[in-house]
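The values are calculated or read from the model by the stated rules, or taken from the named source; none is laboratory data. Since this is a predicted model, take the numbers as computed values, not measurements. Because the Cβ atoms are built from the backbone with ideal geometry, glycine has one as well, and the counts that use them run over all protein chains shown. The protein model used for the area step is the full one, side chains on, heavy atoms only, and it has no ligands, DNA or RNA in it. Shrake-Rupley method; radii C 1.70, N 1.55, O 1.52, S 1.80 Å.
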Amino acid sequence: MTVARSHLSRRSLLTAGGAAAVALGAAAAGPSAAAATPADNPVDTPAEALRRLRAGNRRFTSGHGRHPHQGLADLHRLAAGQHPFAVTVGCADSRVAPEVLFDQGLGDLFDNRVAGNIVDDLLLGSIEFAVEEFGSLLIVVLGHERCGAITATIDAIHSGGTAPGHIGTIVDALRPIVEPVLGQPGDPVENGVRANIVAQVAALSARSTIISEKVHQGALSVVGARYDLDDGRVSLVA
């Protein structure tokens, strides 16, 4: 991947689409995005990024969360720029807040959340932005137990009906992923959740040259994970 083709500067993004840049969390003009570093020791490899998230989840589930760098002083420090070490692709469910369940703080995670954690073109652009601009080392596709989007999709398949309004767009995106696993043993929603996690992980590298090249270089890892609503634990999904 050549620099001329792949590099996306913060200034060019602000100039080309100011409103979009703000939505992506770009800071005001000034120091580069990498100028601000997290309060903890820097994360230098994808493996370290994953270890930090797993350690944070263990703190969360044991009731020993540190709630790191979440104060106003931390926000001031990050005003010059952000350096998130990981990108999350999670569900919009109110119970699935990555900074909480991974016990991370401001500037640590570049969150992308939508019902059903579906990677469409808009979400993919947001993820690529973080990988290119901030050098994030890890992408976590985070599904969760008893996902409402998966349940709605299964209900629509069984009833032969359609979901109201734009909810149908979510169902249509999930249908080809969920329908093939409905006949498998076990809970259909759980099977759908896991199938969707695997499908979205595969889609990231298959649809993005930026991501696939970073993975090939060892500069980025993409993993799937499932969040248990009953005990708060996050486990990897192969």
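Restricting the first residue to region 76-98 and requiring it to be free of Cβ contacts under 8 Å to residues at least 24 places away in the same chain, which pairs with a second residue that is of a type outside the set (D, E, K, R) meet a Cβ separation below 8 Å and a spacing of at least six or different chains? From region 76-98, the pairs are A92/V114; A92/A115. If the condition is being touching a residue at least 60 places away in the same chain (Cβ under 8 Å), surrounded by fewer than 16 Cβ atoms within 10 Å (Cβ to Cβ) and among the polar types (S, T, N, Q), then region 208-229 contributes only T209.
Of G165, G161, G105, all but one fail to be surrounded by fewer than 23 Cβ atoms within 10 Å (Cβ to Cβ), closer than 19 Å to R51 by Cβ and not aliphatic (A, V, I, L, M); the exception is G105. Of the residues making up region 58-75, those that are assigned to a helix (DSSP H, G or I), without any contact (Cβ under 8 Å) to a residue 60 or more places away in the chain and open to solvent by less than 80 Å² (accessible area, probe 1.4 Å) number 4. Out of A149, A115, A163, one residue alone is in contact with an Asp or Glu (Cβ under 9 Å, 6 or more places away or on another chain) and over 21 Å from A199 (Cα atoms). It is A163.
Total residues in region 92-140 satisfying the condition of being within 26 Å of A73 (Cα to Cα), among the charged types (D, E, K, R) and touching a Lys or Arg at 6+ places or on another chain (Cβ under 9 Å): the figure is 3. Taken together, V140, V114, V100 contain a single residue that is at pLDDT 95 or above, open to solvent by less than 10 Å² (accessible area, probe 1.4 Å) and not acidic (D, E), which is V140.
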